Number of protein chains: 2
Amino acid sequence: MLGRKLVERLTRDAILGGEGISHVLLADVVASTAPAAPSFEVESAVADLAEGGVARELLSGLPDVIFHLAAVVSGEAEADFEKGYRSNLDGTRLLLDAVRLAGTGYRPRLVFTSSIAVFGPPYPQAIGDHHGTTPLTSYGTQKAIAELLLSDYTRRGFVDGVGIRLPTICVRPGEPNLAASSFFSSIIREPLNGREAVLPVPDDIQHWFASPRAAVDFLVRAAELEGDALGNHRCITMPGVSATVAEQIEALRQVGGERAVRLIRREPDEQTMRIVRTWPGRFAAERADALGFRAERSFDEIVRVYVEDELGGQIGAAGGDPSRSR
Amino acid sequence: MLGRKLVERLTRDAILGGEGISHVLLADVVASTAPAAPSFEVESAVADLAEGGVARELLSGLPDVIFHLAAVVSGEAEADFEKGYRSNLDGTRLLLDAVRLAGTGYRPRLVFTSSIAVFGPPYPQAIGDHHGTTPLTSYGTQKAIAELLLSDYTRRGFVDGVGIRLPTICVRPGEPNLAASSFFSSIIREPLNGREAVLPVPDDIQHWFASPRAAVDFLVRAAELEGDALGNHRCITMPGVSATVAEQIEALRQVGGERAVRLIRREPDEQTMRIVRTWPGRFAAERADALGFRAERSFDEIVRVYVEDELGGQIGAAGGDPSRSR
């Protein structure tokens with residue numbers, strides 16, 4: 001999802017870091033969809049970074065900028081221990097080593113998407129930039145390890161890495177999925193499309209969000225910023241909006257009215273609650289702020305971004321404030 | 001050095017965690033010296049954990065406790081990038097995987113020696129237990145990654161890991177070596193043995209120390225403690241003594257007198273200073289304290305431990321307070 005939106009954005013901008021984009025290589029384990037009418041050359045590769053030699057081949061054009069958005073998601077990395085480590089740790093390390101060995105003087109900007117899953121309780125009221133990474137999932141562990149590698153390979157001069165810890169992206173377009181975090185998007189997206197959504201946790205759960213549009217902004221900013229400004233700590237917690245489920249619902253009410261809110265069905269789920277209770281709720285993302293990363297200011301704004309970017313600014317037939325739609 | 005002292009301690013105690021020790025396997029890339037007159041069976045192996053299959057073979061006896069004190073030290077891991085990653089990262093991961101795959105229900109206590117090298121500036125006045133690991137060396141990076149693996153493998157139920165972040169061990173017996181930290185021991189050890197020592201940094205440099213005897217205590221405590229008390233964060237900063245070089249010298253004066261202090265030759269070295277300035281000076285090791293880990297209380301005590309354990313309680317001919325030795 002994020003990769004697709006990033007390519008759309010690059011297609012629209014046609015420049016990155018003040019330079020025209022001449023060539024883009026899209027690599028994924030499944031076939032990538034090429035953007036419509038790009039002003040640059042687009043190549044696609046179906047490739048698995050965790051296979052020996054693949055990264056070297058992908059880098060043969062010595063790209064100036066690499067976006068590494070991999071790979072196996074949280075739930076899957078927990079369910080399949082070996083697959084997660086192979087893909088998220090070995091794949092990333094092989095990519096870094098391929099960059100290191102690609103040739104004298106080659107030092108591309110590598111933007112790596114980390115995650116707030118690198119953190120684990122106990123939390124302070126707002127998690128600061130120097131808080132330790134003590135993940136409670138194998139996915140979070142793999143991301144935290146990749147962060148350490150990125151900083152060390154950068155310090156050694158092999159790559160020019162920037163790691164960005166993404167908030168939970170909300171509102172995700174598309175269908176609900178099996179991720180434990182899926183409901184954070186579903187309870188907004190589904191009602192605004194006239195469909196029911198299940199809420200498995202209490203209203204006081206607090207979490208850290210940014211829109212897909214903000215996430216793409218982060219990626220572009222991470223590609224463009226002056227690396228020296230980061231010093232030796234190349235991984236940064238991204239800004240976001242701290243909101244409780246109750247505040248999410250209130251934002252839904254503002255846009256979709258009571259009828260939308262009534263489409264949320266409360267169905268407490270012990271297992272989801274146990275996972276979600278360990279997630280962070282608020283950050284003090286001061287480094288990111290100083291480096292010019294910007295997210296939404298409120299959850300209302302996050303919902304508006306969804307309506308603008310995914311619904312063409314219009315709420316579906318079943319949504320909307322009933323007092324206005326009747 | 002630490003491995004040898006640990007084996008001496010185990011030989012003396014003959015028990016660990018309330019149970020008699022029946023068998024010890026010493027594995028190193030060089031030949032190990034067997035302890036004198038142990039009450040248990042001792043086997044030695046010259047083996048490289050980073051080679052495939054080696055860890056599995058070493059674990060064939062399914063030991064209840066594994067001490068992993070590896071491996072390539074700071075200076076070497078910085079000088080030889082690939083060797084450091086191979087030994088400190090791949091070796092540790094292969095060991096963890098061999099434990100994971102060794103058989104149903106096998107879940108040994110694995111004591112891993114990490115290091116305060118996992119930290120990097122900026123530091124608060126005292127580094128707390130939740131401070132982030134942002135190492136400034138490849139060695140520190142490899143240790144921080146091993147910590148993450150240890151916690152995740154433990155959380156998944158594959159091993160019962162305890163990682164202990166050792167302070168700089170002081171006073172190291174033996175000869176000065178090429179490590180940047182070598183002088184911290186040399187400026188005490190050499191004068192107490194009637195030899196000159198070089199001090200490459202200013203007197204206000206502050207650092208975090210524990211004696212070799214305390215470090216062995218940490219290892220034994222880490223093997224014996226109740227794993228559940230650690231929760232999901234299995235790596236702990238060890239207690240120590242925060243001392244400036246000036247305080248070190250004052251402690252030397254107490255024991256060795258003015259004559260010993262005069263054997264310290266100040267020879268500022270820019271490169272050493274640049275490295276040492278990035279090292280942490282003080283920790284608030286509250287978790288370790290609550291878990292019963294104990295270090296010395298003062299640098300005076302650290303010097304006394306050296307005199308007791310390495311000099312048989314006697315200071316060499318050239319040492320001693322001149323006013324008393326004359």
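The values are calculated or read from the model by the stated rules, or taken from the named source; none is laboratory data. Remember, it's a predicted structure, so these values are computed and weren't measured experimentally. Quick reminder, even Gly has a Cβ in these numbers, built from the backbone with ideal geometry, and neighbours come from all protein chains shown.
When each of A:316, A:292 is tested for being of a type in the set (Gly, Ala, Ser) and modelled with pLDDT under 95, the lone residue that passes is A:316.
Selection over the stretch B:1-14 of residues that are among the charged types (D, E, K, R) and either touching a Phe, Trp or Tyr at 6+ places or on another chain (Cβ under 7 Å) or in a loop (DSSP other than H, G, I, E, B) (or both) gives a count of 0. Taking the stretch B:167-243 as the region of interest, the strands (runs of 3 or more DSSP E) fully inside it that hold 1 or more residues being within 25 Å of residue B:260 (Cα to Cα) and small (Gly, Ala, Ser) are B:197-199, B:206-210.
Residues in the stretch B:78-95 that are within 18 Å of the chain's Cα centre (by Cα) and within 14 Å of chain A (Cβ to nearest Cβ): B:84, B:88, B:89, B:92. Residue A:252 meets each of the listed conditions (1) modelled with pLDDT of 95 or more; (2) within 19 Å of the chain's Cα centre (by Cα) apart from (2).
In the stretch B:181-195, the residue that is nearest to the other protein chains (Cβ to nearest Cβ) out of those that are crowded, with 21+ Cβ neighbours inside 10 Å and among the polar types (S, T, N, Q) is B:181. Residue A:126 meets all of the listed conditions (1) over 24 Å from residue B:77 (Cβ atoms); (2) under 19 Å from the mean Cα position of the chain (by Cα); (3) more than 9 Å from chain B (Cβ to nearest Cβ); (4) hydrophobic (A, V, I, L, M, F, W, C) but one, namely (2). Residue count for the stretch B:251-268 under the criterion of being part of a helix (DSSP H, G or I) and in contact (Cβ under 8 Å) with a residue 24 or more places away in the chain: the result is 10.
Quick one: is residue A:134 assigned to a loop (DSSP other than H, G, I, E, B) and crowded, with 24+ Cβ neighbours inside 10 Å? Considered against the rule, which asks whether it is assigned to a loop (DSSP other than H, G, I, E, B) and crowded, with 24+ Cβ neighbours inside 10 Å, residue A:134 comes out as yes. When we screen B:98, B:146, B:117, B:102 for residues that are within 22 Å of residue A:139 (Cβ to Cβ), of a type in the set (Gly, Ala, Ser) and more than 8 Å from chain A (Cβ to nearest Cβ), the only hit is B:146. Is it the case that residue A:108 is surrounded by fewer than 18 Cβ atoms within 10 Å (Cβ to Cβ), touching a Pro at 6+ places or on another chain (Cβ under 9 Å), more than 10 Å from chain B (Cβ to nearest Cβ) and in contact (Cβ under 8 Å) with a residue 40 or more places away in the chain? Yes: the conditions hold for residue A:108.
In the stretch B:196-244, of all residues being in contact (Cβ under 8 Å) with a residue 60 or more places away in the chain and β-branched (Val, Ile, Thr), the one that is surrounded by the most Cβ atoms within 10 Å (Cβ to Cβ) corresponds to B:237. Check residue A:60 against each of (1) touching a helix residue (DSSP H, G or I) at 6+ places or on another chain (Cβ under 6 Å); (2) away from chain B (no Cβ under 14 Å) and name the one condition it does not meet. Every condition holds for residue A:60 apart from (1). Residue count for the stretch B:52-68 satisfying the condition of being loosely packed, with under 15 Cβ neighbours inside 10 Å and in contact (Cβ under 8 Å) with a residue 24 or more places away in the chain: 3. Just so you know, in the stretch A:149-180 the residues that are polar (S, T, N, Q) and in contact with a Lys or Arg (Cβ under 9 Å, 6 or more places away or on another chain) include one that is nearest to the other protein chains (Cβ to nearest Cβ), and it is A:151. Residues in the stretch A:290-300 that are surrounded by fewer than 15 Cβ atoms within 10 Å (Cβ to Cβ) and over 15 Å from residue A:188 (Cβ atoms): A:290, A:292, A:294, A:297.
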